[in-house]
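Everything below concerns the one structure shown next.
The values are calculated or read from the model by the stated rules, or taken from the named source; none is laboratory data. These figures come from a predicted structure and were not determined experimentally. All Cβ positions, glycine included, derive from the backbone under ideal geometry; neighbour counts span all protein chains shown. Accessible surface areas use protein heavy atoms only, side chains included; no ligands, DNA or RNA. Shrake-Rupley method; radii C 1.70, N 1.55, O 1.52, S 1.80 Å.
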Amino acid sequence: MRIFYIVGKMDQDFGGGVINHRNLELLRATCCDVEVFQFEQYKVPFWQRLKERVHGVNGGVSRLNIEEIIIHLREHPVDLVFIAHSLYGCIVKRVKDEFPQLPIVTFLHNVEVRYAWEMFKNNVKSMGNLLNIFFVYRAEKLAVKYSDYLIALNNRDAKQILDIYKKDVTALLPTSFRDSGEAKKEEDLDELKYLFVGSDFFANIQGITWFVQEVMPYVDGKLFIVGKGMEKAVSHLISDRVQVIGYVQSLKEWYAKVDIVVCPLFLGSGMKTKTAEAMMYGKAIVGTPEAFEGYDIDTRQVGGCSVSAQDMITILNDLGHNKERLLECQRYAREMFLKNYSMTASMVEMRLFLEKVICCHSNNGR
């Protein structure tokens, strides 16, 4: 089977890029013939960009990108097109119009229209963000409508896609990582240390600000905040017990400094890659329900889960004063990562999915 993988950003310094790269690895591991088309984000005049977005051209895509893809597919036929993001609905429609028998898979990182609404409601209520909801809806609707198969990260997203667009998701492929091994703490447990990982995205800023203001004054230990742009976005949170690091080349060394990863997130969609990452490194995790959405784990065994500041304080103090329970949570996190969220586990799911696609299209005469 020849697969044509269409993707925009592959940078691994944000969750979407990590999953794009993960999906490519899985495709290459299960199918040796995978060609990548990473489209260039052309600079176009503002009014042209606005006109294109009204017609569903979104996600950094331009009409030049679309025509490049169509020309390439005419000259180099493939068996399957794998679209990396549901914001590329304009690409999905154009490919389906040009090659109606060619199966198309679209991967859903989030329910993008819900994500756009949350951004408008909880961030900046500007006309631009309001229009963005319409633009995102238009693009995502095209992706869902013209795709033959849809892959989502979790059941919540699958249910929302069905509610909004009246179409079933074909398969679930949760967040996963290539195993980098545990990151055992370099020092002893005399001083409890926490880590928050996340870029300067509004939901991350909101969550960690809440945590520093409502939880940190009532627990022992020190907090490190690591993530691109955070050294500016949350500099006001710096104190003798809160250190803001910003962007780092290697996250593993920071995971190795801490006992507990905190994930105080209240908004979002999809799955949080930082949760799987913390499990991979064998860290106890204390977070809100949003941080654990889509993960098939016992949140108490991995650390704790609550939206209440008082409950989170109790959980963290209990872990801080009970070394054996803390170690048990760390062991459980690592075990559940290896069982459900490693590349090995995902490879099985991707292989089963591709076998299903081959079977369906063989039965249809392909």
Check: L352 versus R178, label points 7 Å from Cα toward the beta carbon: distance in nm?
Finding: 2.4 nm
Next item on the list: Give me the percent of the accessible area of region 98-244 that comes from carbon and sulfur atoms, probe 1.4 Å, all protein chains in place.
Entry: 50 percent
Notebook entry, point to check: Taking the alpha-carbon centroid of each part, what is the distance from region 176-226 to region 278-348 in angstrom?
Noted result: 13 Å
Notebook entry, point to check: Accessible area of R94, 1.4 Å probe, to the nearest 10 Å²?
Noted result: 60 Å²
Item checked: Heavy-atom accessible area per residue - the chain, 1.4 Å, Å² -> 45 Å²
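Can you pull the percent of region 255-333's accessible area that's carbon plus sulfur, 1.4 Å probe, other chains left in place?
Details: 1140 of 2530 Å².
The nonpolar share, carbon plus sulfur, comes to 45 percent.
Which of the three applies to region 64-105, rounded, prolate or oblate, going by the alpha-carbon gyration tensor with a ≥ b ≥ c and a/c under 1.5 meaning rounded? Please list the in-between numbers first.
On the way: a/c = 1.58, a/b = 1.15, b/c = 1.37.
Oblate is the answer for region 64-105, as a/c is 1.5 or above yet b/c matches or exceeds a/b.
Pairs K184/K323; K185/K272; K141/K167; K228/K272; K228/K252: which exceed 20 Å Cα-Cα?
Flagged as over cut-off: K185/K272.
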Next item on the list: Multiply the residue gap between I238 and E253 by 0.36 nm, knock off their C-alpha separation, and tell me the result in nm, one decimal place.
Entry: 3.3 nm
Next item on the list: Check the straight Cα-Cα distances from K339 and name the aspartates and glutamates below 16 Å, setting aside those fewer than 8 residues away within the same chain.
Entry: D179, E182, E277, D296, D298, E349
Margin query: Filter the chain for me: DSSP H helices, axial length by Cα at least 27 angstrom, mean Kyte-Doolittle hydropathy not below -1.0. List them by residue number.
Written below: 127-146, 343-363
Item checked: Residue (of G320, M336, I358) at the positive-pole extreme of region 303-366, dipole from beta-carbon charges -> I358
Notebook entry, point to check: Which values, in whole Å and largest first, are the semi-axes of the equivalent ellipsoid of region 214-366 obtained as the square root of 5 times each eigenvalue of the Cα gyration tensor?
Noted result: 34, 18, 15
Checklist line | Where F196, F99 fall by accessible area, highest first, once all protein chains stay in place (1.4 Å) | finding: F99, F196
Next item on the list: Work out, step by step, the length gained on full extension between D318 and K185: first 0.36 nm times the residue separation, then minus their alpha carbon distance; give nm to one decimal.
Entry: 46.0 nm
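Quick one: length gained pulling E98 to R28 fully straight, 0.36 nm per residue minus the C-alpha distance?
Values: separation 70, 0.36 × 70 = 25.20 nm, distance 2.59 nm.
22.6 nm is the gain from fully extending E98 to R28.
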Check: Taking +1 at the Cβ of each Lys and Arg and -1 at the Cβ of each Asp and Glu, which of G282, V169, C263 sits farthest along the dipole of the chain towards its positive end, judged by Cα position relative to the Cα centre?
Finding: V169
Next item on the list: Taking 7 Å along the Cα-to-C-beta vector as the label spot, tell me the V36-Y218 distance in nanometres, rounded to one decimal.
Entry: 4.7 nm
Notebook entry, point to check: Using a 1.4 angstrom probe with every protein chain in place, what is the largest-first accessible-area order of E290, E40, E68?
Noted result: E40, E68, E290
Next item on the list: Pick out which of I225, I104, I297 has the largest mean-square fluctuation in a Gaussian network model of the chain, springs linking Cα atoms closer than 10 Å.
Entry: I297
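P(r) tail for the chain, what percent of Cα pairs lie past 35 Å? Present the calculation step by step, with values, prior to reporting the outcome.
Values: 18688 of 66795 pairs.
Roughly 28 percent, rounded to a whole number.
Can you tell me the dipole magnitude for region 68-170 around its Cα centre, using point charges on the Cβ only (Lys, Arg +1; Asp, Glu -1), in Debye to the nearest 20? Working shown, then result.
Numbers: 14 positive and 12 negative charges, 98 e Å.
Dipole size: approximately 460 debye.
Using a simple charge model, +1 on the beta-carbon of Lys and Arg, -1 on the beta-carbon of Asp and Glu, nothing else, what dipole does the chain show about its Cα centre, in debye to the nearest 20? Intermediate results must be reported in sequence, preceding the final value.
Details: 45 positive and 46 negative charges, 238 e Å.
My answer is approximately 1140 debye.
Take K193, K184, K141 and sort them by solvent-accessible surface of the protein heavy atoms, 1.4 Å probe, largest at the top. Each step should come with its number before you reach the end.
Values: K193 25, K184 145, K141 95 Å².
Putting K193, K184, K141 in descending order of accessible area: K184, K141, K193.
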